[in-house]
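The structure appears below as structure tokens.
The values are calculated or read from the model by the stated rules, or taken from the named source; none is laboratory data. Quick caveat, the model's predicted, so the values are computed rather than measured. Methodologically, a virtual Cβ is constructed for each residue, glycine included, from the backbone with ideal geometry; neighbour enumeration extends over all protein chains shown.
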Amino acid sequence: MNVEFQIHGVLSSGQKTWKQEDKDYYTQFYSDQTEDAIMIVEIVNRPHGVSAYYNYLRNNNILSARIGSYFGMTMRIDGAFCRDVKSIYMILDNLFNKMIVGSFLILKEDKFEYSIDSFVSQNDYLLQIEKQFSNMLNAFCSPQDFFEISSSFTSQGTKLCVNVSEIVIPTAVEAIRQRAKLYLSPTYQSKSAKKIIADAKAVADAAVADANARIRSTEDALSKSKQKQIQDLENWKKEKKVLEEARDSAIRDYQELEKRVRKAELDTSINAKISEIKQPLIQLSNLVAERFQEDTYGYSEEKHQPHKKDRPQSKIFIWLPWFVCILLSFALAGSIWYMGGKDADIEKQAKKIELLENSIKKKTNSTNTIGAKKVKDNSEIRIEKTVKYDLSKLRIDIKELPSGAKGVTSGSTYTCGIMGGDYPKDGYWVICEGENTIHGNVFTVSSPSGTQVKITYYHGTEIIKERTIKVL
């Protein structure tokens, strides 16, 4: 078994070796390396046989004018392999720190700089280093640490990186048997560090997975919430539409009912009017009859005065009340018959009755003016006049509403009053606010924006004034 020791590196003059043998092999180390200190172990099939190379290299911490500068020490074993690679690394590392640094390399801060221009010129000192290496190899490695190798062990390029502190013989042997290159460095992660990192990574991965799961859960919940909100909005719109239709239907039903009630009240009012004018009509007939008797009597007295001629105007005056009475009777009968028709217009009937009543009262007053104020019992006939109001100038005012306001606001309270013109003071108020019907002139708005408030002032069944105002 032959063991060779070699020194090589990149000096200011270029790559150099101490011995001339294997110069081509060492050119592969003239390149950038990632680790400051490393030992590469590989099996090489040389022209003279198979050899095991143990290359101790110092790379990035070597100062030089040339890029890729390095310093190296190599132990070559021909035909055999030393299992205890850790001991060989320690031997070479000790030689570097004890015999190279301070002689060939000068320490400058945390880097090294060459102090020589040639390895050959330092031949005597290198022989001392080689001798020291041999002594240390014999001291730390026994013959049992070596075994023979053949070309079947030649390294094929596969790398196995191991921290120096954790390299063991079985690992080194297995790597060589698998034809791999073995890389040893104190900067490689140890198994314990790898385990810590792996455990930390596992914890981090678990945290990330949990966070991602929560994010997905939150996003799903948010998506479902949005979908529910959209669905609730659609349901609300449908419900709103149903409620609006129900409200509109209720308003139409109410308006129809109001029309029926007003019609029924108008029928009652017409009947009441008929009852009111019935008695005055009878009185008018009696008054006309009485007046005719007086005029007839006076006319008879005139016959004893042959020198007086009959005057046509007197005859017309005598027959005029009878003619009016007969005419009014026919008008009353016609009105009563017309009201009984199925297709009669209630409003027109009421107006006709009112005109008829006024006409009768006017005629009655006119007859009284002519002279028929007294009947047989000398009692005076009194026919009360119907009170008339000027409703054209009436206006419903809302006390709390500013001038020029376009409507009332929800939640506010308002007071109604009537301004302008003449109107019956014994009427009453009805306010339709949303679904609420308020009797009185004070109301609080509870309806939503866009609806309306209807304000009506009644006298009996008659609408004196009405106003509709918008809710803002």
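What pairs come up if the first residue lies in segment 1-13 and is outside the structural domain of M39 (by TED's automatic domain parsing), the second is modelled with pLDDT under 95, and their beta carbons are under 6 Å apart, counting only those six or more places apart or on different chains?
Within 6 Å, no pair qualifies.
Does A350 count as within 24 Å of V261 (Cα to Cα) and at pLDDT below 60?
yes
Within segment 1-49, how many residues turn out to be outside any strand (DSSP E or B), more than 23 Å from L105 (Cβ to Cβ) and among the charged types (D, E, K, R)?
2
Before we move on, is I196 β-branched (V, I, T), free of Cβ contacts under 8 Å to residues at least 12 places away in the same chain and either assigned to a helix (DSSP H, G or I) or exposed (fewer than 14 other Cβ atoms within 10 Å of the Cβ) (or both)?
Criteria met by I196.
When only residues in segment 85-108 that are touching a strand residue (DSSP E or B) at 6+ places or on another chain (Cβ under 9 Å) and not in a helix (DSSP H, G or I) count, which is nearest to K19 (Cα to Cα)?
If we take residues in segment 85-108 being touching a strand residue (DSSP E or B) at 6+ places or on another chain (Cβ under 9 Å) and not in a helix (DSSP H, G or I), then F104 is nearest to K19 (Cα to Cα).
Identify all residues within segment 37-60 that are charged (D, E, K, R), farther than 14 Å from K181 by Cα and buried (at least 22 other Cβ atoms within 10 Å of the Cβ); write none if there are none.
Within segment 37-60, just R58 meets the criteria.
For segment 103-115, name all the residues that are in contact (Cβ under 8 Å) with a residue 40 or more places away in the chain and surrounded by fewer than 17 Cβ atoms within 10 Å (Cβ to Cβ).
K108, D110, K111, E113
Please determine whether any residue of segment 173-186 is exposed (fewer than 10 other Cβ atoms within 10 Å of the Cβ), in the same structural domain as K86 (by TED's automatic domain parsing) and in contact (Cβ under 8 Å) with a residue 24 or more places away in the chain.
no
List the pairs whose first member sits in segment 226-255 and is farther than 22 Å from C432 by Cα, whose second member is among the polar types (S, T, N, Q) and part of a helix (DSSP H, G or I), and whose Cβ atoms are under 6 Å apart, counting only residues at least 6 apart or on separate chains?
Filtered contacts from segment 226-255: no entries.
May I ask you to say which residue of F112, F133 is in the same structural domain as V10 (by TED's automatic domain parsing), outside any helix (DSSP H, G or I) and aromatic (F, W, Y)?
The match here is F112.
Does segment 74-97 contain any residue that is touching a Gly at 6+ places or on another chain (Cβ under 9 Å) and closer than 26 Å to T171 by Cβ?
Taking every residue of segment 74-97 in turn, at least one turns out to be touching a Gly at 6+ places or on another chain (Cβ under 9 Å) and closer than 26 Å to T171 by Cβ.
State all residues of segment 138-160 that are over 21 Å from G49 (Cα atoms) and either charged (D, E, K, R) or not in a loop (DSSP other than H, G, I, E, B) (or both); if no residue qualifies, say none.
Of everything in segment 138-160, those that are over 21 Å from G49 (Cα atoms) and either charged (D, E, K, R) or not in a loop (DSSP other than H, G, I, E, B) (or both) turn out to be N138, A139, F140, Q144, T158, K159, L160.
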